[in-house]
Amino acid sequence: MQSLTRIKELLEMAGHGPKKALGQNFLIDQNLINKLIDASGVGAGDLVLEIGPGTGALTVGLLERGCRVIACELDTDLARVLRETLGAEYPDLLTIIEGDCLAGKKALNSEVASAIGDEGFCMVANLPYHAATPVMMTLMTRHGNCRGMYVTIQREVVDRFAAGSGSKTYGMISVVAQCLGEVRMIAKLKPGCFWPAPGVESAMMGWTRDVGLVGGADPGWWVQMSELAQSLFQSRRKKLGGVVKKMVDGGEVAWPDGVSGDDRVDSLDPERVHALCRSIAGVIDTER
Ligand code: SAM
């Protein structure tokens, strides 16, 4: 467990205060940290990816439960402090990777990807908010061995993952997340749960992959599917007839059950958006 005093001490060892540009808002409520780990269900021997370990407040909780943790930290000074403290205490369980968790917008840091390999893992993290959506979408669509994500992110982003058809926040992210798994709210967090307090509301969200849902586990398809869904939602208030016609260059798309050219994409549930993307992909792939 890390108290606020300990977090400040560790930052002093790092030689700087919290860096706003790196989203350094440290979770100081131990009950919430435990709640996130409990919700993830991870335990001894499980492989866990933590992005943005910071001073290690969440990392230590994972290590105490016997998880094998791959922790990726962009801040060089904090990565050093982590190596000198938790790295020395748990040499067999903790792998620290220094660098950006993402290589571009749609790929995981290659060192992180090769440390994970093909093994099943969960992400448990208090994410840097600027990287939250790209990292979560990348893990959902490109890393089928990511079994779940249990994260602290901006409340507004949780709303987007969880949104249902017809809502203003419903979009590509909601469709992909809900086709591939189950989204749930673990806890709503006030800014005062962090030090320093961020300017936005936060929440803990859980996402558990369910390969039994639509579409199967082929990661190639989910990358294409998310691009097609993104194009559909770019014209969310237009009738699908015209939108789809443009996407397939005038080709003939077979409308799936329950979908017609008079619908708008934001009125379709995730399964229907998925079925429509399959039909569109069928036409595009034969045109190539
Ligand atoms: N895990 C700590 C906690 O729970 O208190 C710190 C979380 S803080 C919200 C986000 C952490 O992510 C910071 O330590 C920051 O340096 C790190 N970070 C920011 N951008 C990053 C990136 N692109 N890749 C990896 N780590 C990043």
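Using only side-chain charges placed at the Cβ, +1 for Lys and Arg and -1 for Asp and Glu, the dipole size of the chain relative to its Cα centre rounds to 920 debye. Between the amide H of S202 and those of R155, L189, distances stay under 5 Å, these residues lying 5 or more places away or on another chain, with hydrogens modeled in the peptide plane. In the chain, Cα pairs under 8 Å separated by at least six residues give a relative contact order of 15 percent. In order along the stretch 271-277, the Karplus-derived 3J(HN,Hα) couplings, from 6.51 cos²θ - 1.76 cosθ + 1.60 at θ = phi - 60°, round to 4, 5, 4, 4, 4, 5, 4 Hz, and Gly and Pro are given as x. Computed 3J(HN,Hα) for the stretch 183-194, one whole-Hz value per residue from the Karplus formula 6.51 cos²θ - 1.76 cosθ + 1.60 where θ = phi - 60°, is 9, 8, 7, 9, 6, 9, 10, 7, x, x, 6, 10, glycine and proline marked x. Mean sequence separation of contacting Cα pairs (under 8 Å, at least six apart), scaled by the length of the stretch 182-288, corresponds to a relative contact order of 22 percent.
Return a single number: how many Lys pairs in the stretch 4-209, at a sequence separation of 8 or more or on separate chains, have alpha-carbon atoms below 16 angstrom apart.
Lysine pair count for the stretch 4-209: 4.
Considering only protein heavy atoms and a probe of 1.4 Å, how much of the accessible area of the chain is carbon and sulfur, as a whole percent?
On the way: 6240 of 12690 Å².
Exposed carbon and sulfur together represent 49 percent of the surface.
In the chain, the longest principal axis of the Cα atoms and the axis of helix 4-14 are about 90 degrees apart. Working from Cα pairs under 8 Å separated by at least six residues, relative contact order for the stretch 1-150 is 24 percent. Over all other residues within a Cβ to Cβ distance under 15 Å of P134, the charged ones net out to +2, with Lys and Arg as +1 and Asp and Glu as -1. With the largest listed first and rounded to whole Å, the semi-axes of the equivalent ellipsoid of the stretch 75-149 from the Cα gyration tensor are 22, 15, 11.
In this rough spin-label picture, where each label sits 7 Å from Cα along the Cβ direction, the D92-Q230 distance is 4.3 nm.
Within the listed set V259, V135, V157, the Gaussian network model of the chain (springs between alpha-carbon atoms below 10 Å) gives the highest mean-square fluctuation for V259. Counting only heavy atoms of the protein chains and using a 1.4 Å probe, D38 has close to 90 Å² of accessible surface. Applying 1/(1 + (r/R0)^6) with r as the Cβ-Cβ distance of E111 and V223 and R0 = 22 angstrom yields a FRET efficiency of 0.55. Tilt of helix 219-234 relative to the longest C-alpha principal axis of the chain, in degrees (0 to 90, nearest 10)? Approximately 70 degrees, to the nearest ten.
Accessible area per residue for the chain, computed on protein heavy atoms with a 1.4 Å probe, is 44 Å². The angle separating the long axis of helix 129-142 from the principal Cα axis of greatest extent in the chain is about 60 degrees.
Give the residue list of GluC sites (Glu not before Pro) in the stretch 218-288 that are DSSP loop and have at most 13 other beta-carbon atoms within 10 angstrom. Those satisfying the criteria are E252.
The values are calculated or read from the model by the stated rules, or taken from the named source; none is laboratory data. Fair warning: this is a prediction, and the values are worked out from it, not measured in the lab. Please note: Cβ atoms are built from the backbone with ideal geometry, for glycine as well, and neighbour counts cover all protein chains shown. Only protein heavy atoms, including side chains, enter the accessible area calculation; ligands, DNA and RNA are left aside. Shrake-Rupley method; radii C 1.70, N 1.55, O 1.52, S 1.80 Å.
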